[in-house]
Amino acid sequence: MKKTPLFNQHVKHGGKMINFGGFNMPIQYEGISIEHKCVRDNVGIFDVSHMGEFCIEGNEAKDFLNFICSNDILKIEVNRAQYNCFINNDGGIVDDLIVYRIEEKKYMLVVNAANIEKDWQWVQKNLKNHDCTVKNLSDEIGLISVQGPNSLNLINEVFNFDFSQLKKFSFHNIKINNKSIIVSNTGYTGSKGYELYIDVDMVSNIWDQLFLNGEKYQIQAIGLGARDTLRMEMGYCLYGNDIDDTTTPFEANLMWVTNIEKDFIGKEKLLISINSSSKKMINFKMIDRGIPRNGYDICNKEGDKIGNVTSGTFSPTNKVGIGIGYVNIKHSLGDEIYLLIRDKLVKAEITKLPLKNG
């Protein structure tokens, strides 16, 4: 397994390590519910250095990205970021990613850890005659996510800078020891938060400074377990669970990051899926007691299978089982569904996430 530059910090903080996408990563430290609450109430920091980063630069970088990405790249201003998808020739999702516009003709793509090699091959395969260069920076950049209501106070102290005017999906470059750090107002938790893209040689030092300055906010290191419960409370997708190469943006409710007015790879098959697909992603909450898990059957009240769960958990905030899944497209918001848990039908309801009282 690969190790991130912060491996020693995880061991120091008592992280329980697992294999995640080929990386030795902490699943938890003090406990998933404790860490989840810390992010919702105070501030927590995550090591997400396993994520991949590609640099796309050149005269036709914008046009190239507009062709391989689903969203409208032309709308991204310098120092702004945009959520996106790579779509394959069959209309399926190669990966979901964030595109940062670093300079006029320079972009950074942030891709999922398990898909780094696949995405890299996809980018190179489709580069063809575009006048731009691509570089895989994944081994050169460390990434720390600072999340929670006190995240702004913490990064302001550590970097001696006021980031309060930094809008959502915007970023600012700062210099420390002549090296650039990107501070981005993004995250995967639903709480206020920032992500720090740091040279691998500096990332351990920044982590330690965050911990030192964050003691008064009861800061904690947060593992992948709480990252999962936090994102599920918001209904955020996880690649490999909720979306994959066989799932279209239409089926995954990701048409809001898909501009069908432009030309892009997979557009023709995607348009076909809008009229022909039989499944649709849903969010749901449990009505009866039970915790949904990936792979559980979703049924109607007669017990006939109508879909399956792709992600599920117990929400520490709402104290109820919640999940994401796919069902027959005829089902909609407010419909009752049933999960088959240990050969018993357990009632749930299709709803929106986050829950209103969350």
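The values are calculated or read from the model by the stated rules, or taken from the named source; none is laboratory data. From a predicted model like this one, the values you see are computed outputs, not experimental measurements. Using ideal geometry, Cβ is built from the backbone for each residue, glycine included, and neighbour counts are taken over all protein chains shown.
Pairing residues of segment 85-112 that are without any contact (Cβ under 8 Å) to a residue 40 or more places away in the chain with residues that are among the acidic types (Asp, Glu) and assigned to a loop (DSSP other than H, G, I, E, B), at Cβ distances under 7 Å and at least 6 apart in sequence or on separate chains, gives Arg101/Glu77. Counting residues in segment 49-71 that are under 16 Å from Trp122 (Cβ atoms), among the small types (Gly, Ala, Ser) and in contact with an Asp or Glu (Cβ under 7 Å, 6 or more places away or on another chain) gives one or more. The set of residues from segment 211-236 being part of a loop (DSSP other than H, G, I, E, B) and buried (at least 23 other Cβ atoms within 10 Å of the Cβ) comprises Gly214, Ile222, Gly223.
Out of curiosity, is Asp90 outside the structural domain of Lys192 (by TED's automatic domain parsing), crowded, with 23+ Cβ neighbours inside 10 Å and not polar (S, T, N, Q)? Lay out the reasoning, then the answer.
Numbers: outside the structural domain of Lys192 (by TED's automatic domain parsing): yes; crowded, with 23+ Cβ neighbours inside 10 Å: no; not polar (S, T, N, Q): yes.
Taking the combined requirement at face value, the residue does not satisfy it.
Any idea which of (1) buried (at least 16 other Cβ atoms within 10 Å of the Cβ); (2) in contact with a helix residue (DSSP H, G or I) (Cβ under 8 Å, 6 or more places away or on another chain); (3) not in a loop (DSSP other than H, G, I, E, B) is the one Asp208 doesn't satisfy? If we test Asp208 against (1) buried (at least 16 other Cβ atoms within 10 Å of the Cβ); (2) in contact with a helix residue (DSSP H, G or I) (Cβ under 8 Å, 6 or more places away or on another chain); (3) not in a loop (DSSP other than H, G, I, E, B), just (1) comes out false. For segment 63-73, a residue qualifies if it is surrounded by fewer than 20 Cβ atoms within 10 Å (Cβ to Cβ) and within 17 Å of Asp131 (Cβ to Cβ), and the qualifying residues are Asp63, Phe67.
Can you find even one residue in segment 288-303 that is under 21 Å from the mean Cα position of the chain (by Cα) and either of a type in the set (D, E, K, R) or within 30 Å of Lys75 (Cβ to Cβ) (or both)? Taking every residue of segment 288-303 in turn, at least one turns out to be under 21 Å from the mean Cα position of the chain (by Cα) and either of a type in the set (D, E, K, R) or within 30 Å of Lys75 (Cβ to Cβ) (or both). Inspection of segment 2-14 identifies at least one residue that is surrounded by fewer than 16 Cβ atoms within 10 Å (Cβ to Cβ) and in a strand (DSSP E or B).
I'm told Asn156 meets every condition in (1) of a type outside the set (D, E, K, R); (2) assigned to a helix (DSSP H, G or I); (3) crowded, with 21+ Cβ neighbours inside 10 Å except one. Can you identify the failing condition by its number? In the conditions (1) of a type outside the set (D, E, K, R); (2) assigned to a helix (DSSP H, G or I); (3) crowded, with 21+ Cβ neighbours inside 10 Å, Asn156 misses (3) alone.
Across segment 27-69, what is the number of residues that are among the aromatic types (Phe, Trp, Tyr) and assigned to a loop (DSSP other than H, G, I, E, B)? I'd like the intermediate steps shown before the answer.
Start the filter on segment 27-69 by keeping residues that are among the aromatic types (Phe, Trp, Tyr), which leaves 29, 46, 54, 64, 67.
Still in the list and also assigned to a loop (DSSP other than H, G, I, E, B): 29.
Residues flagged as among the aromatic types (Phe, Trp, Tyr) and assigned to a loop (DSSP other than H, G, I, E, B) within segment 27-69 amount to 1.
Within segment 252-279, the set of residues being more than 26 Å from Lys125 (Cα to Cα) and buried (at least 18 other Cβ atoms within 10 Å of the Cβ) comprises Lys279 only. If you check Asp96, Asp90 for being outside any helix (DSSP H, G or I), out of contact with any strand residue (DSSP E or B) (no Cβ under 7 Å at 6 or more places or on another chain), at pLDDT 95 or above and among the charged types (D, E, K, R), only one passes: Asp90. For the structure I just gave you, tell me whether Ser33 is surrounded by fewer than 17 Cβ atoms within 10 Å (Cβ to Cβ), of a type in the set (S, T, N, Q), touching a Phe, Trp or Tyr at 6+ places or on another chain (Cβ under 9 Å) and at pLDDT 95 or above. Taking the combined requirement at face value, the residue satisfies it.
For the structure I just gave you, tell me whether Val200 is surrounded by fewer than 18 Cβ atoms within 10 Å (Cβ to Cβ), in contact (Cβ under 8 Å) with a residue 60 or more places away in the chain and not polar (S, T, N, Q). Let's see the steps before the verdict.
On the way: surrounded by fewer than 18 Cβ atoms within 10 Å (Cβ to Cβ): yes; in contact (Cβ under 8 Å) with a residue 60 or more places away in the chain: yes; not polar (S, T, N, Q): yes.
Against the criterion (surrounded by fewer than 18 Cβ atoms within 10 Å (Cβ to Cβ), in contact (Cβ under 8 Å) with a residue 60 or more places away in the chain and not polar (S, T, N, Q)), Val200 qualifies.
Filter segment 321-348 for residues that are surrounded by 14 or more Cβ atoms within 10 Å (Cβ to Cβ), free of Cβ contacts under 8 Å to residues at least 40 places away in the same chain and over 24 Å from the mean Cα position of the chain (by Cα) and give the result. Asp335, the sole residue that qualifies. Considering segment 119-153 alone, what residues qualify as being in a helix (DSSP H, G or I), of a type outside the set (Val, Ile, Thr) and more than 22 Å from Gln9 (Cβ to Cβ)? Across segment 119-153, the qualifying residues are Asp119, Trp120, Gln121, Trp122, Gln124, Lys125, Asn126, Leu127, Leu152.
Inside segment 289-320, residues that are out of contact with any helix residue (DSSP H, G or I) (no Cβ under 9 Å at 6 or more places or on another chain), part of a loop (DSSP other than H, G, I, E, B) and either surrounded by 16 or more Cβ atoms within 10 Å (Cβ to Cβ) or in contact (Cβ under 8 Å) with a residue 12 or more places away in the chain (or both) make up a count of 11.
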